[in-house]
Amino acid sequence: IELGLAENWVEGSRVFIGVLHDISARVKAEASEKRRARDMEALFQTSPAAIIAIDREAKVMWGNPAAERIFGYSAAEVLGRLTPVIPESELASFWSYFKRILRGELIHDIRGVRQTKSGRKIEVEFSSAPLTNANGDVIGSVYVISDITERVQLQQQFLQAQKMEAVGQLTGGIAHDFNNLLGVLIGNLDLARERLAGNPEALELVDAAL
């Protein structure tokens, strides 16, 4: 009887330890999932780029604080509405990319123009991916949008400065060459003037040339 009790005790202990391991593994997995969720929430809230999700009809589902800061719209103004940041000149391009995303494609580093609530046009660079539900069905798309207006302006200023520098070098070279030619002409006219001292009419022509 004692031997049987001992064996039951050992077996029960093994089962109990196994259950503890399972519980521990689940707790760790849940903790890891919560940690990932917190990390994603922190990234979403603090990202300097706008993060916006739209449904299959291009209506806004959610956005992060940077989206409000960049475009000027509050969440209450855009949720459930067609995204208002696409200017008319960009609509055809937007719908073309949007259809590709709904088919499951990823879009990377596309440049375009968007407009803020005040109507100001800004240069943007965006990437997008399909947004799926638990079953893997595409229910919309999520966009990460960076305002690159200042960067584009700096690039344009740099290119303009390069052009002006090139023009300056060209005109400086032409002026230098022209000065050399004038030096030769003036030198020869001075010599001619000395040799024509007794010819008033010729001196008048040389003086006019000088």
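Taken together, V206, V144, V152 contain a single residue that is assigned to a helix (DSSP H, G or I), open to solvent by less than 80 Å² (accessible area, probe 1.4 Å) and closer than 30 Å to G72 by Cβ, which is V152.
When the residues of the range 77-92 are filtered to those that are of a type outside the set (A, V, I, L, M) and not in a loop (DSSP other than H, G, I, E, B), the one that is most open to solvent (accessible area, probe 1.4 Å) is E88.
Counting the residues of the range 184-203 that are open to solvent by less than 80 Å² (accessible area, probe 1.4 Å) and in a helix (DSSP H, G or I) gives 6. If you scan the range 107-138, which residues turn out to be open to solvent by 40 Å² or more (accessible area, probe 1.4 Å) and closer than 15 Å to T83 by Cβ? Hits for the range 107-138 are Q115, K117. Restricting the range 50-76 to residues that are touching a residue at least 60 places away in the same chain (Cβ under 8 Å) and not aliphatic (A, V, I, L, M) leaves a set whose member that is least open to solvent (accessible area, probe 1.4 Å) is D55.
The values are calculated or read from the model by the stated rules, or taken from the named source; none is laboratory data. Not measured: the values here are computed from a predicted model. Heads up, the Cβs are rebuilt from the backbone with ideal geometry, glycines too, and the neighbour counts pull from every protein chain shown. Heads up: the accessible areas ignore ligands, DNA and RNA and are worked out on the full protein's heavy atoms, side chains in. Shrake-Rupley method; radii C 1.70, N 1.55, O 1.52, S 1.80 Å.
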